[in-house]
Amino acid sequence: MTDKKIEEMTYEEAVKRLEEIVSRLENAEIPLEESLSSFQEGIALSRYCREKLAEIEYRVEYLLKEEQQQSFDLEGGKTGENNGDGDEK
């Protein structure tokens, strides 16, 4: 395990550490207990990275929706879509 806690890592640091663990597990003959410990750390890092990506995706979607709403408001609510009575606005 690194000196830095997973929660304190940036996404990039976590991915780099995960890559190191995968490489070590694939290429080195290490004791079983050490392999298990590394595997557990890798699982935690993988979970952390997935959560970070989901958080960023949510924030991007929120910002895009906010931008669309502002554009809609600036246009006075006009979209050129059918208003339901057969006439376009």
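For the stretch 6-74, the residue among 23, 68, 37 whose Cα projects farthest onto the positive side of the dipole built from Cβ charges is 68. Protection proxy ranking for 40-46, 67-73, 8-14, using the average of other Cβ atoms within 10 Å per residue and placing the highest first: 40-46, 8-14, 67-73.
The charge dipole of the stretch 6-74, taken about its Cα centre with unit charges on the Cβ atoms of Lys, Arg (+1), Asp and Glu (-1) only, comes to about 120 debye.
Fully extending the segment from residue 62 to residue 28, taken as 0.36 nm per residue of separation minus the present Cα-Cα distance, adds 7.9 nm.
Here, each number is a calculation from the coordinates, and none is a lab measurement. As the structure is a prediction and not an experimental result, all values here were calculated from the model. Positions of Cβ are backbone-derived with ideal geometry, glycine not excepted, and every protein chain shown enters the neighbour counts.
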